[in-house]
Amino acid sequence: MPPIPGIEKVNTFSIRNVVDIDRLNKFIKGGDTKNISVIGGGFIGVEAAENLKEAGYNVTLIEAMPQIMKPFDYGMVQILHKELYDQGVNLIVNDKVKQFAKNKIILGSGKEVDADVVVMAIGVKPETDLAKQAGLDLGKTGAMKVNQNYQTNDADIYAVGDVIEVYSYLYNEYFQLPLAGPAQKQARGVADHINGMAIDNRGYIGSSVIKVFDYNAASTGLNEGMIEALGLNISYDTVKIIPNDKVGLMPFGAVAHFKLVYEVPTGRILGAQAIGKGNIDKRIDVIATVIKFGGTIYDLKDLELCYAPPFGTAKDIVNFAGSVATNLMNSDFKQVHGADIRPLVESGACIVDVREKDEFEESHIKGAINLPLSEIRQRTDELPKDKPLYLHCRSGQRSYNAVLALQKMGFKDVYNVSGGFMGLCFFEYFNDKTLNRTPVVTDYNFD
Ligand SMILES: Cc1cc2nc3c(=O)[nH]c(=O)nc-3n(C[C@H](O)[C@H](O)[C@H](O)COP(=O)(O)OP(=O)(O)OC[C@H]3O[C@@H](n4cnc5c(N)ncnc54)[C@H](O)[C@@H]3O)c2cc1C
């Protein structure tokens, strides 16, 4: 519980275990609880907000940072922001709890939120009191320091799990990884070591998954935000694709938003994020496996994965990502991302929508030219030759073909908009709605 002024004036709960959940459940069912605020947009905060909303309460989720769920980049997490918003959670980002009044939260912006119950989910800190009392070393992160065999500086005392810091497989630093899988593996390692067996400690990458209402979201390894926050000197590029997770004609197929982060020039995979309504966890598990084997974008392209229409596509999402990354590495084309589009629209850049006319008429980027891929070769004289062209379609695949066609016809400064119109709609939606911003699209299209 953080020492926020007035904290005694609200009914606060934390969630560490089933007993805590039981306590919270009994309290809200026993009283006249209507409004619940969850503070902290990490895994536990988001899961709590989702569960409580589904249980019928008015839920506000408050996050001090501009986004929830740091394992996802800002562009990707907008899908989860949208989902929470659409499902009726009052998601407030970029605003910090300043103080509490009687059943009320007062935020840094001055906004006030009614709260019969406050769930604190502001993250976990290793409980190191006992370690300190025993004279055991802590690492730079504040968690316990252990060697490759999970021994503390007292060789007879081991430590595992949330209380220790682990070595990164991807960069040369220790970090905290409060997840169940690593804790279990470390415990097995300690048992092996006590029994005189060698420990195979390869370092950690961090893989996780969450369900947020109708969406599943998984990630592994590094994302762009982490690379920046950690100040890592890694040269990298990204691929963003939105393919179908099953063959189009199958029922229950859905699009999967997939982002790959890889090192340049080596092609080594650094991380990936996937968000969708289907089984995106299996795609991230494949990437996590490839990372742990030191694999590259070329390995992704080559992977032979099982396929039948109810399960996926013949070229799986991860193969697809490997192919796009290989094209980028070969300098076959240049790309811009969803975040680049608003400034481009506002500066009057030439945006070319290569979807068919009926798709364009339904909704499009304001000021965009419609030149369908099927007609582009015959109508190139309609395109300016003296300025950059930003091509997009629904998801980025048709516009990639159009970019290549134009390049062959002599256009030099042509960019593909990664994630296309759909990616842009997801990227813009939550901020448009909550900041009362003028949309850059005539209407949204999410499928
Ligand atoms: C609500 C919630 C949901 C989670 N969901 C997931 C998930 O979906 N996936 C995932 O990978 N991870 C999840 N985690 C994280 C995962 O639970 C932890 O990473 C994992 O339990 C860590 O194991 P541990 O043994 O280090 O710590 P813990 O499981 O916390 O066990 C430590 C135990 O030590 C006891 N203890 C502490 N001090 C003392 C003392 N002085 N003397 C005696 N006993 C003491 C504690 O009471 C506790 O029982 C979740 C965590 C929470 C809180």
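We did not get these values from a lab; they are worked out from the coordinates using the rules stated. Keep in mind that what you see is a predicted model, and the values were worked out from it rather than measured. In this analysis, Cβ positions are derived from the backbone assuming ideal geometry, glycine residues included, and neighbour counts consider all displayed protein chains.
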Next item on the list: Can you check what the net charge comes to around TYR429, using other residues whose Cβ is under 14 Å from the Cβ of TYR429 (Lys, Arg +1; Asp, Glu -1)?
Entry: -2
Check: Gap in Å between the Cα centre of segment 382-407 and the Cα centre of segment 138-179?
Finding: 49
Notebook entry, point to check: For the chain, what is the calculated [θ] at 222 nm in deg cm²/dmol (nearest 500), taking -39500 (n - 2.57) for each run of four or more DSSP H residues and dividing by its residue count?
Noted result: -9000 deg cm²/dmol
Notebook entry, point to check: Once fully extended, how much extra length lies between GLU362 and GLU54, figured as 0.36 nm per residue of separation less the alpha-carbon to alpha-carbon distance?
Noted result: 107.6 nm
Next item on the list: Please compute P(r) over all alpha-carbon pairs of segment 1-147, binned at 5 Å starting from zero, and give each bin as a whole-number percent.
Entry: 2, 9, 18, 20, 18, 14, 9, 6, 4, 1, 0
Check: Simple spin-label model, 7 Å along Cα-to-Cβ: LYS334 to LYS140 in nm?
Finding: 3.7
Checklist line | Antiparallel %, DSSP beta bridges [both residues in the chain], to 5 | finding: 60
Next item on the list: Have a look at the DSSP beta bridges in segment 7-120 and tell me what percent are antiparallel, nearest 5.
Entry: 30
Margin query: Below 8 Å, C-alpha to C-alpha, sequence gap of six or more: please give me the relative contact order for the chain in percent.
Written below: 11
Checklist line | Contour excess over end-to-end distance, with Cα ends at LYS9 and GLN148 and 0.36 nm allotted per residue | finding: 45.4 nm
Check: On the first, second and third principal axes, largest extent first, how far apart are the outermost C-alpha atoms of segment 117-203 in Å?
Finding: 50, 31, 25
Margin query: Starting from 0.36 nm per residue, how many nanometres of slack lie between ASP299 and MET65 once their C-alpha separation is accounted for?
Written below: 80.7 nm
Note to self: Which residue fluctuates most in the GNM of the chain (Cα springs below 10 Å): HIS81, HIS193, HIS392?
What the structure shows: HIS193
Notebook entry, point to check: What are the residues whose amide H is under 5 Å from the amide H of LYS334, where those residues sit 5 or more places off or on another chain and H is modelled from the backbone?
Noted result: ASN416
Notebook entry, point to check: Given H placed on each backbone N at 1.01 Å, which residues far from ASN153 in sequence or on other chains put an amide H within less than 5 Å of it?
Noted result: ASP137
Check: Taking the Cα-to-Cβ direction at ASP413 and at ALA183 and moving 7 Å from each Cα, how far apart do the two end points lie in nm?
Finding: 5.5
Next item on the list: Starting from the coordinates of the alpha-carbon atoms of the chain, obtain the Kirkwood hydrodynamic radius over all distinct pairs and give the value in Å to one decimal.
Entry: 24.1
Checklist line | Rh (Kirkwood; distinct C-alpha pairs) - segment 334-435, Å | finding: 13.5
